[in-house]
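Read-outs: derived from the displayed coordinates by stated rules, not from any lab. The shown structure was predicted, so the numbers you read here are calculated from the model rather than taken from an experiment. Because the Cβ atoms are built from the backbone with ideal geometry, glycine has one as well, and the counts that use them run over all protein chains shown.
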Amino acid sequence: METHSVNYLEGRRLVKRWNGPVPAIVSLVLTLAVFYATWWIFQDPRGLMRMYTPYVGYMYTRWWLIVLIWMVYLFNYWPFKREWVERTHPVVKGVVLTAISVAVLLILIKGFFEGILGNFGLAYFNPERLTALPSVTNFFAIEYAALACLMFAAIASWLSPAWVVACEEVPWQDLPQPAKGISILVITFFLSTIVYFITMHSHMAILYHPWQEFTAITPPYWEKFANTVSGNFHVSWIMCCTVTVWLVETIWERFPFSMIERNWLRRLVAFFGIIAIAFAMHFFLYFVQELTWGEAIRGTRRAFAPDWRWLHVGEMAVFFLVPALFITFYCENWPRKYSLPANVLIRTTVTAVAAVLLYIFYYKTSHLFLGTQKGFSHPQQFPMIPTIWLINIWLVHHWFMDNWPAWKMAPKTTAEIEEDHAQALEKARSIRWTPSLGWGLGAGAAFGVLAYFVSVNVLPYFYNAIDIIK
Amino acid sequence: MSDNAKQKTMSRRDFFKGASIGVMGGVLGAMGLYSYSPMRKQMFPHVERKMADIGVCRKVKVTNISETSWFNNADLVGDIKGAGGLLVDQYSYNWPPFGDGSGLGKGSYEKGIAKIKHLLPDRLDEAWALQESMSVHPENAGGYAALIEVTDLDGKEHKYLLDSGWSYKWTDECFRREGIDRMLQNGEIEGLFISHEHFDHYWGLPVTVKYAPEIPLYIPEGFYPEGMQYIKDSGHKGPVTVVKPGLKPIVPGMASYVFAIPIICRVYGEQSLYFNVKDKGLVSVTGCCHQSIIQFAETAYREIKYENDRFHGIYGGLHISPFDDWDPKYDDLVISLGKYGFEKIGCNHCTGVLCAKKFIQAGYPVVQGTARFRSKDPAYLGNGDTIAFGMDV
């Protein structure tokens, strides 16, 4: 078997240079240092480029994430040959690939969105066209255009990896690069466009007076259900989809969908299952806010406004992604010694606890070192920017640099790859119906429901006890 | 191992596999089915109305000394953008009176105040002239300030200032136009309430201090060290009350309320005023109302007892579209405001002209202005205009 027929990430083995937790700690310290230095250069309101306006910085952060996903998940490092990816020093590789990702990012935003779409299609993608309109200042023109662009990014950052993780690249899985990458890019971009028009276009259309009824559905159809006309309702569930895709891909090892053997059914269930899980998260994280801060009041601003609450759902969701990726990238998906469902449950529990701790830490301290504002609900407080910025750096480090210097890359042999496949299949097949499994399922489900209701009852007391913002 | 023992071990393993799947399924199922269902509302805490008694006043009159915080949106927003956006520390913009000649986004309170401290509070003309040569867009600075006259049930009148503008030159001009200078010198004004630390509400403090250095000052908790130092550097010698978040009665029928909220340009906390007007209901007077007028009204509903249990009026900057920007959440406000039943709405400053027009279009009882003294549009109350609650003007 030719090892090049599998993608690079699957065909590489990362070998720790030191035992124990040292490599994870070294990697964390190193990436946090890079994070802080780059945050200061590009984003920090006190720093050099000050892109955290916030939408401009957010737009570049989101699109950079997608470009990284495209380069690795869709194009498998094309046009670089496997030999180059395997043999080049991680630092050189990191610099070259990052530079390319930034170039693609700029071409995409300046060329496609502002240049083509903003000049020949939808004016709100182009700041200059907006500035030419009465009463729109240059600052808000740029912010509005960035908002539209990043809303598109939010959708693409769910659908692009979903086509690989859930749909397993069908029907182009056997095509060579770049045909495979281009095919998946086109389909996910097409789907993103449709979802954008259904979810976000109305939001943009009511930014102007009068509402642009001729071009968009106003008031938007979600108004009554979401208790707001803001598109943040959609930002929320789409962000949850993005997080869920990566949970499924990393700490869940594509479980529970991997249990389904029939290919078409597994892919279908995985794609819509991710959306279903995301909606559960979407509703739950909204409810969490209602329990801690009280019921949202339409027309208010900040923490009591439904539109901000929905946005905050997305912000909360991303806090789950950070520990999940850390467990996979730097803790070798610990633990691995139990059954697949037990491993997944333990990792998910650890991730949830870590996410809560990270959330508390962020809101207690971020204003002290990131240049953001103290408080939860400041309109310019976007925890998604620093968290995704950190994730981007981890992706560069893990995907482009093979976790250098704490790990080294060793290509897997054909036999090792086959063994990995066999083990993954065995793990999934080992979950088969037996009476014991059935009893466990029932007891577990009852415990899960109980745990949910205990959690939501305890939550207000927990929140009051910790007093995050003094 | 015997077959029976093996069977037992296998069963236990299967049970835990099933249990792990079940726990995740149970949690996710409950999250999805219950969390946004109408049943969840049973779990919301019951809100007890505190019905705090702040007393009753006979009438309230508000004179708009200046609502034009700045004169050109494009210049102001351009400066904010150039300095790095809405999160940048306001003292670093190099706007007057803290300009030091180093350019946009490169200033600091310490460097700026060092240029003018020796001139405060008595030589404000010189201080401002100096700043005109050192700061960014000094001609764009205006300011927000309002005179509040509260008449209690015995007919006694209390006067307060809400905010003290920005530009020394403009604020002083407006004070003289409305006779505030004399009122301050005569000791007629009992206190100065600073709504929040923003440049356009607070940086004109020395103008008030020039006329009444002993005036009691009420600031919301959350001022940054620079803001606290400015009180001293302005030459203020009177008592300073740092109002904690929550309700603080002032005189019968009047109370301050501080909201602990983050605000753009690195500001924290806002103070607004409630009045309980005899036979009319609750009146809200705000500087910028970053907490939102509906939040302000909802807070009053939870906290205060007021006449007829009715919302009567609003005056102030309602902070909706101060830069002529728009967002769907503002439409949420326009749509929702009607159900609160305000009978008199006086808005200006950071409410935004577009928002005032949307209020009028929605049929709300907006008191329109005269668009004098550089105010832009009669859709809202402008400089020199007045509004009264419990009386006609």
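With the radius of gyration and the Kirkwood radius both derived from the Cα set of region A:343-391, what is their ratio Rg to Rh?
Numbers: Rg = 12.7 Å, Rh = 11.9 Å.
Here the Rg-to-Rh quotient is 1.07.
For B:Ile360, what is the net charge nearby, where nearby means another residue's Cβ is under 14 Å from its Cβ and Lys, Arg count +1, Asp, Glu -1?
Around B:Ile360, the charge tally is +2.
What is the distance in Å between the Cα centroid of region A:70-135 and that of region B:172-248?
Going from one Cα centre to the other spans 51 Å.
Find the lysine pairs in chain A meeting two conditions, Cα atoms under 15 Å apart and a separation of 8 or more places or different chains, and report how many there are.
8
So, in Å, what gap is there between the alpha-carbon centers of region A:196-261 and region A:294-339?
Centre-to-centre distance over Cα atoms comes out at 16 Å.
Do any trypsin sites (Lys or Arg not before Pro) in region B:43-112 lie in a loop, going by DSSP, with at most 13 other beta-carbon atoms within 10 Å of their beta carbon, and if so which?
Of the trypsin sites (Lys or Arg not before Pro), the ones in loops of region B:43-112 whose Cβ has at most 13 other Cβ atoms within 10 Å are B:Arg49, B:Lys50.
Nearest-5 percent of antiparallel DSSP beta bridges in the protein assembly as shown?
65 percent
Could you give the dipole magnitude of chain A about its Cα centre, charging the beta-carbon of Lys and Arg +1 and that of Asp and Glu -1, in debye to the nearest 20?
Computed charge dipole of chain A: roughly 660 debye.
May I ask which residue of B:Leu119, B:Leu162, B:Ala297 lies farthest towards the positive end of the charge dipole of chain B, with charges of +1 (Lys, Arg) and -1 (Asp, Glu) on Cβ and the Cα centre as origin?
Ranked along the dipole, the leading option is B:Ala297.
Kirkwood Rh over Cα pairs of region B:240-383 into Stokes-Einstein at 4 °C, 1.567 mPa s: D in µm²/s?
Rounded to a whole number, D works out at 83 µm²/s.
So for region B:169-266, considering every pair of alpha-carbon atoms, how many percent are separated by more than 23 Å? Each step should come with its number before you reach the end.
Working: 1302 of 4753 pairs.
Summing the P(r) of region B:169-266 above 23 Å gives 27 percent of all pairs.
As an exercise, find the ratio Rg/Rh for chain B from alpha-carbon atoms, using the Kirkwood inverse-distance average for Rh.
On the Cα set of chain B, Rg over Rh gives 1.14.
Which GluC sites (Glu not before Pro) in region B:174-217 sit in a loop by DSSP (not H, G, I, E or B) and have at most 14 other Cβ atoms within 10 Å of their own Cβ?
Within region B:174-217, the qualifying GluC sites (Glu not before Pro) (loop, at most 14 other Cβ atoms within 10 Å) are B:Glu214.
For chain B, what does the helix formula give at 222 nm: sum of -39500 (n - 2.57) over DSSP H segments with n ≥ 4, over the residue count, nearest 500 deg cm²/dmol?
Here the helix-only value at 222 nm equals -10000 deg cm²/dmol.
Can you give the relative contact order of chain A as a percent, counting alpha carbon pairs under 8 Å and 6+ residues apart?
Details: 552 pairs, mean separation 108.1, N = 470.
Dividing the mean separation by the residue count of chain A yields 23 percent.
Averaging over every viewing direction, what projected area does the convex hull of the Cα atoms of region B:83-131 cover, in nm²?
The Cα convex hull of region B:83-131, projected and averaged over all directions, gives 3.2 nm².
Specify the angular offset, from 0 to 90 degrees and rounded to the nearest 10, of the alpha carbon long axis of helix B:73-83 from the longest principal axis of the alpha carbons in chain B.
60 degrees
In the P(r) worked out for region B:1-140, what percent of Cα pairs fall beyond 22 Å?
Values: 6757 of 9730 pairs.
In whole percent, the share of Cα-Cα pairs in region B:1-140 beyond 22 Å is 69.
What FRET efficiency do you get for B:Arg176 and B:Ala114 if R0 is 35 Å and r is their Cβ-Cβ distance, rounded to the nearest 0.05?
After rounding, the FRET efficiency stands at 0.75.
Tabulate in residue order the Karplus-calculated ³J(HN,Hα) for region A:107-122, using 6.51 cos²θ - 1.76 cosθ + 1.60 with θ = phi - 60°, rounded to whole Hz; enter x for Gly and Pro.
4, 5, 6, 6, x, 6, 5, 6, x, 7, 4, x, 9, 10, x, 10
Which of the listed residues, A:Phe369, A:Tyr286, A:His397, is farthest toward the dipole's positive end in chain A, when Lys, Arg count +1 and Asp, Glu count -1 at the beta-carbon?
Ranked along the dipole, the leading option is A:Phe369.
Projected onto the charge dipole of region A:113-252 (+1 at Lys/Arg Cβ, -1 at Asp/Glu Cβ, origin at the Cα centre), which of A:Gly181, A:Thr137, A:Tyr196 gives the Cα projection farthest towards the positive end?
Of the listed residues, the answer is A:Thr137.
Using the Cβ atoms and a cut-off under 10 Å, what net charge is assigned to the surroundings of B:Lys159, where Lys and Arg are +1 and Asp and Glu are -1?
-3
If you plug each phi of region B:349-359 into the Karplus form 6.51 cos²θ - 1.76 cosθ + 1.60 with θ = phi - 60°, what whole-Hz ³J(HN,Hα) values come out, in order, with x for Gly and Pro?
These are the phi-based 3J(HN,Hα) values: 6, 7, 5, x, 4, 4, 5, 4, 5, 5, 4 Hz.
Using the Cα centre of the protein assembly as shown as the reference point, and only Cβ charges (+1 on K/R, -1 on D/E), how large is the resulting charge dipole? Debye, rounded to the nearest 20.
2220 debye
Give me the tail of P(r) for region B:127-193 as a percent: Cα-Cα pairs with distance above 20 Å.
The answer is 38 percent, as a whole percent.
Please list the non-local residues whose amide H lies under 5 Å from the amide H of B:Gly191, H modeled 1.01 Å from N, same-chain partners needing a gap of 5 or more.
Residues meeting the criterion, in which the H sits 1.01 Å from N, are B:Leu161.
Pairs of alpha-carbon atoms within less than 8 angstrom and 6+ residues apart define the contacts here; what relative contact order does chain B have, in percent?
17 percent
Tell me the Kirkwood hydrodynamic radius of region A:379-431 in angstroms, computed as one over the mean inverse distance between distinct C-alpha pairs.
Radius from the Kirkwood sum: 14.3 Å.
Where does chain A land at 222 nm, in deg cm²/dmol rounded to the nearest 500, when only DSSP H runs of n ≥ 4 count, each adding -39500 (n - 2.57), divided by all residues?
So the helix-based figure for chain A works out to -20500 deg cm²/dmol.
I want the local charge near A:Gly181. Using Cβ-Cβ distances under 14 Å, sum +1 for each Lys or Arg and -1 for each Asp or Glu among the other residues.
Cβ neighbours under 14 Å give a net charge of -1.
If one puts a single equal scatterer on every Cα of chain A and applies the Debye formula without solvent, what log₁₀ I(q)/I(0) results at q = 0.10, 0.11, 0.13 Å⁻¹?
Debye curve over Cα of chain A, log10 I(q)/I(0) at q = 0.10, 0.11, 0.13 Å⁻¹: -0.79, -0.97, -1.39.
Using the Kyte-Doolittle scale, which helices in chain A average at least 1.0 and also have C-alpha atoms spread 30 Å or more along the helix axis, with helices defined as whole DSSP H runs?
Working: long enough: A:138-165 (40 Å, 1.53); A:263-293 (45 Å, 1.16); A:306-330 (37 Å, 0.92); A:340-369 (41 Å, 1.11); A:435-466 (44 Å, 1.10).
Qualifying helices, which must be both long enough and hydrophobic enough, are A:138-165, A:263-293, A:340-369, A:435-466.
Computed over the Cα atoms of the protein assembly as shown, what is the convex hull's projected area averaged over all directions, in nm²?
Working: hull surface 152.0 nm².
Convex hull of Cα atoms, orientation-averaged projection: 38.0 nm².
What's the longest bit of chain A with no exposed chymotrypsin sites (Phe, Trp or Tyr not before Pro), using DSSP loop states and at most 10 other Cβ atoms within 10 Å as the test? If you can, show how the numbers build up before the last one.
Working: sites that count: A:Phe214, A:Trp433.
The longest uninterrupted stretch comes out as A:215-432.
Rounded to the nearest 20 debye, what is the charge dipole size of region A:314-417 about its Cα centre when +1 sits on each Lys and Arg Cβ and -1 on each Asp and Glu Cβ?
180 debye
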